[in-house]
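Written out below as structure tokens is the structure these notes cover.
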Amino acid sequence: MATIAENLDVVRKRIGDAEHRFGRLPNSVALVAVSKKQSSAKIAAAVAAGQRHFGENYLQEALEKIPDLADFALHWHFIGPIQSNKTRGIAEHFSWVHSVDRVKVAHRLSEQRPRALPPLNICLQVNISREPSKHGLTSEELPQVAHAVAGLPRLRLRGLMAVPASYDGFDQQRHSFAQLRRLQEKLQADGLALDTLSMGMSADLEAAIAEGATWVRVGTAVFGPRL
Ligand SMILES: *Cc1c(COP(=O)(O)O)cnc(C)c1O
């Protein structure tokens, strides 16, 4: 079985090749290693191989692992659904939140972000494939929420995130990611200074990079199957 260091090399090469192939600048796409349901020991192996940004979906699980890795200067990204009663732990322990889809949650994160820390980086999650089961804002709801969140003092609205329906075909994958990119461009034209598109996972990161991803969130291709 490949080691985590070897997996990371493969994923970094996939990212670099896609940057080259689609005319993106070298190192314009960064990797969030999604460590949900992976042990602290596996995360430490990724740290030893140079990885610094990690994504977690469940607050309780993250709060159990973060202290194990406190010796390293790591950046934690919250990428899962957010219940209102979990915002304090997220505001205190994370650098980024990719999955904000309600103004109420954004207000709480802003109020609860500790003064000693820099503003919390935020992406708004969009339900790009309009799946009823999925979290995220509709494209109709997005502009109003984006302007409200951009005005909150302890947050920094950076861009958009999506988990599109999974397609096998590259062109279909790319089509979904293009929709997110166009929503971002509309908000930028409307005066919001956004620089982040969080899109692409193990199975579709190339299509996401083709459409402008700046973060890809990759779990199984880095760590192997989840527990
Ligand atoms: C689990 C998860 C990922 C990583 O998925 P893989 O297919 O394991 O790469 C990325 N983004 C979100 C929001 C996730 O929940």
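Rule-based calculations on the coordinates, nothing more; no lab input. What you see is a predicted model; the values in this text were computed from it and never measured. Quick reminder, even Gly has a Cβ in these numbers, built from the backbone with ideal geometry, and neighbours come from all protein chains shown.
What the table shows:
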| quantity | calculated |
| --- | --- |
| DSSP bridge pairs, segment 1-99: antiparallel proportion in percent, nearest 5 | 0 percent |
| Ratio of the Cα radius of gyration of segment 116-201 to 2.2 N^0.38 Å, where N counts its residues | 1.12 |
| Cα shape, segment 71-142, gyration tensor, a/c 1.5 rule | prolate |
| Within a Gaussian network of the chain (alpha carbon springs, distance under 10 Å), most fluctuating of Ser176, Ser139, Ser99 | Ser139 |
| Segment 17-162: relative contact order as a whole-number percent, Cα under 8 Å and 6+ apart | 17 percent |
| Added length on full extension, which subtracts the Cα-Cα distance from 0.36 nm per residue, Gln144 to Glu111 | 9.9 nm |
| For the chain, built as a Gaussian network whose Cα springs stay under 10 Å, the top-fluctuating residue of Ala44, Ala150, Ala70 | Ala70 |
| Separation of the Arg21 and Glu6 label points, Cα + 7 Å toward Cβ, nm | 2.3 nm |
| Structure-based [θ]222 nm, the chain - -39500 (n - 2.57) summed over DSSP H runs of at least 4, per residue, nearest 500 | -11500 deg cm²/dmol |
| Label-point gap, in nm, between Ala70 and Glu92 - each point 7 angstrom along Cα→Cβ | 1.2 nm |
| The chain: radius of gyration and largest Cα-Cα distance (Dmax), Å | 16.7, 49 |
| All lysines inside 23 Å of Lys104 as judged from Cα atoms, apart from same-chain residues fewer than 8 positions distant | Lys86, Lys134 |
| Spin-label pair Ala41/Asp195, simplified geometry with 7 Å Cα→Cβ offset, distance in nm | 3.9 nm |
| Candidates Ala178, Ala203, Ala73: whichever shows maximal mean-square fluctuation once the chain is modelled as a Gaussian network with Cα springs under 10 Å | Ala73 |
